[in-house]
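K.L.:
Encoded as C-alpha cells, here's the structure I'll be asking about.
The values are calculated or read from the model by the stated rules, or taken from the named source; none is laboratory data. Values in this document were obtained by computation on a predicted structure and should not be read as measured data. Don't worry about glycine lacking a Cβ; one is built from the backbone with ideal geometry, like all the others, and counts go over all protein chains shown.
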Amino acid sequence: MSGTMVASGMRTLRKHARIARQYARMGVRRRSQFRVEFVSQVIMDCIWYAAKIGVFEVLYQYTSSLAGWRAADIRVFLGFVFIADAFMMMWLGHRWVFGRELKDGKLDPFRVRPANTVFLYFFQQFSLEAVLNMAIGGTYLAFALQRAGALDDPSGVPRVLWAVAVAWWSMTAMTVAFSIIEFWLVSSDLSMFLTHAFDLASTNPLDVFTRQVRSFLIWCVPVGLINYVPASIALGRLGLATGMLYTAWIVVFGLLACRAWVASFRRYESAMS
C-alpha cells in the first residue's frame, strides 16, 4: 500500500513539474517580447531593495540593536524579505488579478483540472525578471548569513534550506488564503487590501510589536512565517522544537487554505452562466 502511495505521489509530482516547466517556458517567451518592461522591472525592484537596506543601515548608525536585532541579524531578515518577494513575483504574480478575473468569469479553463486547481491558477504567470531578482536577493542573503556567522557550524546550511522552504511555502499559503474571501465577497477587492496591509507587517521583525500582535501575526494571520520565522530559524534565534512547531502550523494552514480555496471555487460562476 505504501509503495503504491509513493508511486502515485511521484507521478503527481512529475506531472506538476512538467506543467511548471511549460508555464516557465511561456513566461520566458512572453518577457522576451517586452524587453524594456523586463529591464524596468528589475531596476525598480533593485531600487526597492536598496531603499530597504538603506533605511536600516542608517538606523544602525545610531543604535546597536532594534528590538533585540543586531545589524547583522536585520541583514539576514532583509535577505529573506527579498527572496520571499522574488518567489512571489516569479510564480505567484497572478494573485494581483484574481479578483478581477473572478468578477469577469475568466476561470473556466480551470474547471478541467488536469492538475491541482490552486497550482494551475496561481503558478501560471512565470516572471523571468524575478529570476534575476532572486539571484540578487539570494546573493545578499548569502552575504548577510556569512556576516552574521550563521553558516559557521555544520547545521547552518540545513537550517537555511529549511528556512527558505518555510518562507516560500508561507508566501504561497498566504496568497491562497487571502484570495478565498473574493469567492464570498465578489468585487470587494478585500484580498488586495489585506495583502497590502499585512505585507507591511511581514516586512518588519515582529519583535517591534507587542506580544499580542506577534501572536496574532503567527497564529491567526501567519504572515510572520514569511520572513520573521525563517530569519529566526536561519540565525538560530528559535529552538528546534519551536521552529518545528511553527513549520507544522504553516504546513497545516497552507493545506487547509488550499482545500478551502478548492471548495470555494465551486461557488464560481463563469461568464457563460
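K.L.:
Does Val176 qualify as being surrounded by 20 or more Cβ atoms within 10 Å (Cβ to Cβ) and either modelled with pLDDT of 90 or more or not in a loop (DSSP other than H, G, I, E, B) (or both)?
P.N.:
Yes; evaluated as a whole, the condition is true for this residue.
K.L.:
Looking at Val166 and the list (1) surrounded by fewer than 20 Cβ atoms within 10 Å (Cβ to Cβ); (2) at pLDDT 90 or above, which single condition is not satisfied?
P.N.:
(1)
K.L.:
Name the residues in the stretch 188-229 that are touching a Leu at 6+ places or on another chain (Cβ under 9 Å), assigned to a helix (DSSP H, G or I), among the hydrophobic types (A, V, I, L, M, F, W, C) and over 21 Å from Leu256 (Cα atoms), would you?
P.N.:
Ala201, Leu206, Val208, Val213 - these are the residues of the stretch 188-229 that are touching a Leu at 6+ places or on another chain (Cβ under 9 Å), assigned to a helix (DSSP H, G or I), among the hydrophobic types (A, V, I, L, M, F, W, C) and over 21 Å from Leu256 (Cα atoms).
K.L.:
While we're on this one: Within the bounds of the stretch 186-208, is there any residue that is within 17 Å of Asp73 (Cβ to Cβ) and either more than 21 Å from the chain's Cα centre (by Cα) or of a type in the set (D, E, K, R) (or both)?
P.N.:
Scanning the stretch 186-208, I find at least one residue that is within 17 Å of Asp73 (Cβ to Cβ) and either more than 21 Å from the chain's Cα centre (by Cα) or of a type in the set (D, E, K, R) (or both), so the answer is yes.
K.L.:
Show the residue pairs that are 6+ apart or on different chains and have beta-carbon atoms under 6 Å apart, the first residue being within the stretch 63-81 and closer than 15 Å to Ile53 by Cα and touching a residue at least 12 places away in the same chain (Cβ under 8 Å), the second being buried (at least 22 other Cβ atoms within 10 Å of the Cβ) and of a type in the set (D, E, K, R).
P.N.:
none
K.L.:
Now for a different question. If we only count helices (runs of 4 or more DSSP H) wholly inside the stretch 94-152, which ones have 1 or more residues that are more than 21 Å from Ala24 (Cα to Cα)?
P.N.:
The helices (runs of 4 or more DSSP H) meeting that bar are 98-104, 128-148.
K.L.:
Something else: Got a number for residues in the stretch 92-143 being more than 30 Å from Arg267 (Cα to Cα), of a type in the set (S, T, N, Q) and surrounded by fewer than 18 Cβ atoms within 10 Å (Cβ to Cβ)?
P.N.:
Residues meeting the conditions: 1.
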